[in-house]
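Peer 1: Quick one: the structure is below, and I'll ask about it shortly.
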Amino acid sequence: MNALRGKIPFFYLLLPVVAGILTASQVHAFSCFFWIGLAGIGAMLLAIVFSSFNPYPFRWLFGAGTMLFLFFIATVSCRLWEEHTEFSFPPEQTTYMGYVSDIPQEKPKSMACNIAVSVPVRKNVVLYLQKNAEARSLSPGEEIVFSCTMQPFRNLGNPDDFDYVRYMQINGFSGSSYIPETHWKKTGRQKQGIAVLAQHIRLGILGFYRSLELSPDAYAFISALTLGYKALLTDDLQEAFRVSGTAHVLAVSGLHVGIIYVIFNLFFSFLGTSGRKYRMRQWAVIAMLWLYVFVTGLPMPVVRAGVMLTIYCVGKICRRKGFNYNTLAATAFLMLIVHPSGLFDVGFQMSFASVFAILFFQPKLNALFPVENRFKRSVRNLATISLAAQLGVFPLVLYYFGTFPTYFFLANLVIVPLTTLITYAVFPLIPLFFCLQWHIPFFDRLFTVCTHIVQALIDGTLQSVYWVESLPLSQLSGVHISFVQVFCLYVFILMITSFFIRPRARSAFIALSAALIFLLSRYMM
């Protein structure tokens, strides 16, 4: 881990935050945490007082106090989040008031709506409204009054079943209920705010995609690819992406936000590369990035990418360049302070594991395959990024899902460039769509050609995914591993990489020991 030297601040600050969240999730007594926070503040004050006399002997005191205080902050944040998401509704039928916080999704027998309840409690719930014209007409921000008996989320109870209750709590929801059409009505008031505005922009973009008259699969795919809206995806399509190892394409993540960043950066390039206008350019890019983050619904990977790129843009304003481990740690630190339960989210863990692996492994893989030609170097970079990301996440994939895509390397070499081209091809359609109002034949033909290009690229992407899925042994299934085995795999990967870079007997011994413990634990299961 020599690469981490010199990256102390946020990596060290991240440790008490993670420890505080883990502790608060297991320990329900709060009084001890208060005294820990008080001790941290006292240690920092003592360090400040003693530093005026002789700072050197007490240099550790301020750091220790900071760690204790951050531990306290993390536990408080975690407990407040758990209180916000716990089921604490009256057992009898009660009247509530709240507003629609997301785009309603049509189910076979109901309309599923995410509701931010404001009266009599402040909670987020999921309502299943009886399907009718009024329920279908609901849009984000509309306030409703409804009467129901709220129900807690429940798991099916099958062995190794998906923990639906935990999943909903991590996402901030407390309960759900089915509402007949006679038990709710609109108040006529509209919630205002950035989040609601972003959802309306999202609705407008979905309407724009619908106007392109794409095939159903193409419409569902482009909605998921650019907006993270996956309600229209069929089960077969999602399974094909999972088996091929390209499911990350459907979940808007760092790849997509990076593409959007490049587009916005080019759009504001007229502001120049220095001086006050350059700083304005970076702030404009940050504003547009966060508008995109809100439009996608604030999923963890997108927020992570948004925070990282924001730190990167601020660094460019301060004339500091590049992503590093400290940027990643600062992003995790900020996200966990605001949303502590994200630590237990699979997407959060895989997102940070993949980015850490790219930062750690990709330079080493690139050094093994030096290339002079620019095109070959681009292909090599794409291949090493894909391989590095998979090295970071495949132990977690086996732990949570028990499956692993065999041809992920081949699939990503094809799918990632295609999805990048699709994203770039969609953006010219937006100004062309407005130019259609002028009824100029040239713009009409150009819009038609661009639409056909997008449809062809999407068809090529989907056909490639289905082809990879159809290959024999395209997915390894039923390979569940334990937490100890996950740890052994990560130790083996890190140590064997260290051995190939700088051959040392100690690295080989640790790697082989981790492999032996992994195999023995598999045999004993």
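Peer 1: What is the magnitude of the charge dipole of the chain about its Cα centre, with +1 placed on the Cβ of each Lys and Arg, -1 on the Cβ of each Asp and Glu, and no other charges, expressed in debye to the nearest 20?
Peer 2: It comes to approximately 2140 debye.
Peer 1: May I ask you to work out the translational diffusion coefficient for the stretch 94-192 at 25 °C, viscosity 0.890 mPa s, via Stokes-Einstein with Rh from the Kirkwood sum over Cα pairs, reported in whole µm²/s? Before the final figure, lay out the partial values.
Peer 2: Working: Rh = 13.9 Å.
In µm²/s, the coefficient rounds to 177.
Peer 1: Expressed in whole Å with the largest first, what are the equivalent ellipsoid semi-axes of the stretch 133-186 derived from the C-alpha gyration tensor as the square root of 5 times each eigenvalue?
Peer 2: In descending order the semi-axes read 28, 13, 10 Å.
Peer 1: Here is a follow-up. Please give, to one decimal in nm, the separation of the simple spin-label points placed at H84 and T234, each 7 Å out from Cα toward the Cβ.
Peer 2: 3.9 nm
Peer 1: Estimate the FRET efficiency between Y400 and Y128 by the formula 1/(1 + (r/R0)^6), using the beta-carbon distance for r and 35 Å for R0, to the nearest 0.05.
Peer 2: Calculated transfer efficiency: 0.80.
Peer 1: May I pose another question? Would you mind calculating the gained length between R374 and A508 on full extension (0.36 nm times residue separation, minus the Cα-Cα distance), in nm to one decimal?
Peer 2: In short, 44.7 nm is gained.
Peer 1: Another question about this same structure. Starting with the fewest neighbours, write out W467, W81, W438 ranked by other beta-carbon atoms found within 10 Å of each beta-carbon.
Peer 2: In order of increasing Cβ crowding within 10 Å: W438, W467, W81.
Peer 1: Separate question: What is the P(r) of the stretch 345-422, as percent of Cα-Cα pairs per 10 Å bin from 0?
Peer 2: Per 10 Å bin, starting at 0, the Cα pair percentages come out as 18, 45, 31, 6, 0.
Peer 1: For the stretch 325-364, what is the Kirkwood hydrodynamic radius in Å, using each pair of distinct C-alpha atoms?
Peer 2: 10.6 Å
Peer 1: Let me ask something additional. Quick query: amide H of Y178 versus all other amide H atoms, modeled in the peptide plane; which residues come in under 5 Å with a sequence gap of 5 or more or a different chain?
Peer 2: Y128
Peer 1: Which shape class, rounded, prolate or oblate, goes with the stretch 157-231 when its Cα gyration tensor gives a ≥ b ≥ c as root eigenvalues, a/c under 1.5 marks rounded, and past that a/b bigger than b/c marks prolate?
Peer 2: Taking the square roots of the gyration eigenvalues as a ≥ b ≥ c, the stretch 157-231 is oblate.
Peer 1: Turning to a different aspect of this structure: Test of understanding: ordering F221, F427, F333 by Cβ neighbours within 10 Å, fewest first, what list do you get? Can you show the working numbers first?
Peer 2: Values: F221 26, F427 15, F333 22.
The fewest-first ordering by Cβ neighbours comes to F427, F333, F221.
Peer 1: Sort the following peptides by mean Cβ neighbour count (other Cβ atoms within 10 Å, averaged over residues), highest first: 114-121, 288-295, 84-91.
Peer 2: Most protected by this proxy first, the peptides run 288-295, 114-121, 84-91.
Peer 1: Based on alpha-carbon atoms only, what is the radius of gyration of the chain relative to the globular estimate 2.2 N^0.38 Å?
Peer 2: Normalised Cα radius of gyration, the chain: 1.07.
Peer 1: Which three semi-axes in whole Å describe the equivalent ellipsoid of the stretch 142-275, each the square root of 5 times a Cα gyration tensor eigenvalue, listed largest first?
Peer 2: Equivalent ellipsoid of the stretch 142-275: 33, 24, 17 Å, largest first.
Peer 1: Could you work out how far apart the two model spin labels at V18 and L519 are, taking each label as a point 7 Å from the Cα in the direction of the beta carbon, and quote it in nm?
Peer 2: 2.9 nm
Peer 1: Another question about this same structure. With no solvent and one point per C-alpha, what does the Debye sum give as log10 I(q)/I(0) for the stretch 368-525 at q = 0.16, 0.19 Å⁻¹?
Peer 2: Log10 of I(q)/I(0), two decimals: -1.04, -1.20.
Peer 1: State the dimensionless ratio Rg/Rh of the stretch 483-524 (Rg: radius of gyration of Cα atoms; Rh: Kirkwood radius).
Peer 2: Dividing the radius of gyration by the Kirkwood radius yields 1.02.
Peer 1: Kindly put I260, I179 in sequence by how many other C-beta atoms sit within 10 Å of each C-beta, fewest to most.
Peer 2: Values: I260 25, I179 20.
With the fewest neighbours first, I260, I179 line up as I179, I260.
Peer 1: Beyond 25 Å between alpha-carbons counts as too far, so tell me which of K109/K230; K277/K376; K230/K316; K230/K364; K123/K186 fall in that bin. Don't skip to the answer; put the middle values down first.
Peer 2: Details: K109/K230 19 Å; K277/K376 36 Å; K230/K316 34 Å; K230/K364 36 Å; K123/K186 19 Å.
Pairs exceeding the cut-off: K277/K376; K230/K316; K230/K364.
Every read-out reported here was derived from the displayed coordinates using simple, explicitly stated rules and does not represent laboratory data. This structure is a prediction, so every number in the text was calculated from the model and none was measured. Every residue, glycine as well, gets a Cβ built from its backbone with ideal geometry; the counts of neighbours run over all protein chains shown.
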